[in-house]
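Worksheet: one structure, shown below.
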Amino acid sequence: MRVLSSRGPAREYHRVIELKEHRQDLMVNSDVRRCNTVTAWKNYLIPCLVTSALILLLFLWASREHNIVARLRLDISGSNGAGLGVGTEGGGPGLGHTAHPGGHDDERVRRRAVGAVLGALVADAATMGLHWIYDLEKIRELISEQGRSEEPAFFQPPSCPHYEYESGSLSPYGDELLPVLQYMTVGPGSHQEGTMDGPGFAKFLAEYYSNYTGRLNKSSRSMMEALLQGGHGWPECGDPRDTQANAFVKVIPLVARYAGQPGLAKAVDAAVRAQQNNDEAVMYGLVAALILERVVLGSSITEAVQWAADGAAGSGVSLSRTALEALQAVIRHRNSGTPLRDLLYAPGSSSKTGSWGPSCANPGALQAALLGALQASPLASRDLDTVGGGGSNGEGSDDTVYARGVRANILLGGDNCSRGILLGALLAAQAGPSAIPFSWRAQMRIYHSSEVLVEHLVEFRSGGARRQKQLRHHHQRLHRQHRHHATAAR
């Protein structure tokens with residue numbers, strides 16, 4: 001933690017006041033002398049000019065010191081929960097130390113990292129009520145019956161045909177992202193500055209799944225049984241064949257923690273192989289991480305996807321031929337204006353599978369998430385997070401680019417939750433957390449506790465003593481919020 005020194009602005013301010021008083025004395029005395037002789041007037045002017053120059057120099061220096069201290073104070077306020085942590089000083093981009101054009105603005109990187117995780121979680125909760133419905137006509141009937149054609153988000157009653165969760169809950173995919181965040185912030189990874197390691201995370205994830213009361217995805221159940229019943233450690237506990245969207249939903253917190261710093265590629269490999277132990281799944285996770293990291297560090301979604309489709313120069317990662325072809329197809333369809341619906345479903349059909357398909361199978365799921373984010377985000381500027389969250393109505397509005405993109409993805413049905421996690425992360429990273437509607441935050445059951453965990457996560461980006469000093473405060477706050485939500489649920 002950086003400490004304010006005694007050489008702050010107060011001491012220099014008093015120096016300036018003393019010089020001003022001295023200057024006033026000189027002026028009064030010199031005015032008397034000036035009335036007596038011309039020589040006295042000259043003797044007054046020279047020291048007065050010298051003193052004025054000295055005052056100006058000291059004032060400019062003191063102003064500079066004041067600005068520095070103000071920034072330090074802002075940083076310290078962030079460590080007490082008002083801010084969102086510290087920046088990425090001392091680290092280059094995590095995947096191969098690529099230098100981002102224009103450099104990194106630490107505050108903006110923090111804001112975008114927070115936006116990525118919260119945007120992913122809120123998008124998942126907003127989508128859950130219409131998850132896994134593979135018939136667009138059925139979705140239209142449901143929202144029409146409930147008068148929700150304009151607002152499908154947080155649809156009630158939740159109508160997923162494969163599980164029954166309360167409105168505002170995360171889907172099974174959001175519930176796979178959550179243990180990654182928990183592991184690094186309040187789990188074993190928190191004792192190692194919020195880092196990710198394969199063996200530790202695999203044990204944590206298996207225990208998490210064993211206590212999970214919802215619907216487990218196929219690879220989730222497979223890894224849990226392999227580790228807890230079969231005795232297989234990391235990475236052998238991971239499914240050797242599964243390559244589905246579970247791979248990329250786990251990378252969102254990793255990017256928030258490692259963006260602009262070393263270790264992201266290794267962390268992605270560790271997290272993905274805990275559940276899906278094969279190179280193809282890891283590659284899809286890395287592609288999503290590369291693109292999201294680029295956005296967190298300041299690129300627009302358009303720039304980031306194009307960069308990855310061109311080979312992700314400077315990333316240190318060699319993308320597979322399959323991954324590059326998938327990304328180039330996304331760019332082609334974006335440039336040609338192909339409706340995403342026509343790729344997920346066969347032409348003229350509301351349920352028959354199209355060339356990409358609406359399921360969780362990759363690369364189609366990854367491609368659909370990326371194209372959906374691109375089509376929702378027409379602006380190419382990397383400064384979108386300075387214009388009210390990418391919408392026309394300001395912070396927390398229901399009409400932001402983020403909100404419109406999530407709604408469009410919901411209405412496309414199928415496995416819209418896995419797509420929504422990456423799409424929501426990209427849109428909220430680009431625009432910052434202000435793009436997430438206030439009304440949506442209020443409807444997500446664990447929004448406030450998730451926000452606390454994300455604050456943990458971004459504070460780890462600095463490492464060092466400050467994180468340790470604030471850990472107890474955050475744990476207490478998290479505990480109070482959990483008790484509040486438990487009481488409200490009763």
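The values are calculated or read from the model by the stated rules, or taken from the named source; none is laboratory data. Worth saying up front: this structure is predicted, and the values here are computed from it rather than measured. Don't worry about glycine lacking a Cβ; one is built from the backbone with ideal geometry, like all the others, and counts go over all protein chains shown. Note: areas computed on protein heavy atoms with side chains; ligands, DNA, RNA excluded. Shrake-Rupley method; radii C 1.70, N 1.55, O 1.52, S 1.80 Å.
Numerical summary
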| read-out | value |
| --- | --- |
| Every pair of residues 6+ apart whose Cβ atoms lie under 6 Å, when the first sits in region 240-267 and is without any contact (Cβ under 8 Å) to a residue 60 or more places away in the chain while the second is surrounded by fewer than 24 Cβ atoms within 10 Å (Cβ to Cβ) | 240/278; 242/219 |
| Residue match in region 157-169 (condition: of a type in the set (S, T, N, Q), within 28 Å of residue 359 (Cα to Cα) and free of Cβ contacts under 8 Å to residues at least 40 places away in the same chain) | yes |
| Residue check, residue 319 more than 25 Å from the chain's Cα centre (by Cα) and open to solvent by less than 30 Å² (accessible area, probe 1.4 Å) | no |
| Failed criterion for residue 339 (all others in (1) touching a residue at least 12 places away in the same chain (Cβ under 8 Å); (2) in a loop (DSSP other than H, G, I, E, B); (3) open to solvent by 40 Å² or more (accessible area, probe 1.4 Å) hold) | (1) |
| Selection count, region 281-305, where residues are out of contact with any Lys or Arg (no Cβ under 9 Å at 6 or more places or on another chain) and free of Cβ contacts under 8 Å to residues at least 60 places away in the same chain | 1 |
| Odd one out for residue 331, checked against (1) part of a helix (DSSP H, G or I); (2) in contact (Cβ under 8 Å) with a residue 40 or more places away in the chain; (3) over 22 Å from the mean Cα position of the chain (by Cα) | (2) |
| Test for residue 206: is it in a helix (DSSP H, G or I), of a type in the set (A, V, I, L, M) and touching a Gly at 6+ places or on another chain (Cβ under 7 Å) | no |
| Every residue from region 123-155 that is open to solvent by 70 Å² or more (accessible area, probe 1.4 Å), assigned to a helix (DSSP H, G or I) and not hydroxyl-bearing (Ser, Thr, Tyr) | 137, 138, 140, 141, 145 |
| Selection status of residue 254, aliphatic (A, V, I, L, M) and open to solvent by 10 Å² or more (accessible area, probe 1.4 Å) | no |
| Residue 222 touching an Asp or Glu at 6+ places or on another chain (Cβ under 7 Å) and either surrounded by fewer than 24 Cβ atoms within 10 Å (Cβ to Cβ) or at positive phi (or both) | yes |
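Residues checked against (1) open to solvent by 20 Å² or more (accessible area, probe 1.4 Å); (2) farther than 26 Å from residue 399 by Cβ; (3) part of a helix (DSSP H, G or I):
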site: 288; (1), (2), (3): no, yes, yes
site: 293; (1), (2), (3): no, yes, yes
site: 298; (1), (2), (3): no, no, no
site: 307; (1), (2), (3): yes, yes, yes
site: 311; (1), (2), (3): yes, yes, no
site: 335; (1), (2), (3): yes, yes, yes
site: 356; (1), (2), (3): yes, yes, no
site: 372; (1), (2), (3): no, no, yes
site: 375; (1), (2), (3): yes, no, yes
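Results for (1) surrounded by fewer than 22 Cβ atoms within 10 Å (Cβ to Cβ); (2) at pLDDT 95 or above; (3) in contact with an Asp or Glu (Cβ under 7 Å, 6 or more places away or on another chain); (4) within 27 Å of residue 159 (Cβ to Cβ), shown as yes or no for each residue.
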site: 399; (1), (2), (3), (4): yes, no, no, yes
site: 403; (1), (2), (3), (4): no, yes, no, yes
site: 406; (1), (2), (3), (4): no, yes, no, yes
site: 432; (1), (2), (3), (4): no, yes, yes, no
site: 448; (1), (2), (3), (4): yes, yes, no, yes
site: 461; (1), (2), (3), (4): no, no, no, no
site: 480; (1), (2), (3), (4): yes, no, no, no
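Residue-by-condition table, conditions (1) farther than 26 Å from residue 447 by Cα; (2) of a type outside the set (Phe, Trp, Tyr); (3) open to solvent by less than 70 Å² (accessible area, probe 1.4 Å); (4) in contact (Cβ under 8 Å) with a residue 60 or more places away in the chain:
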position	(1), (2), (3), (4)
182	no, yes, yes, yes
185	no, yes, yes, yes
198	yes, yes, yes, yes
202	no, yes, yes, yes
207	no, yes, no, no
210	no, yes, yes, no
227	yes, yes, yes, no
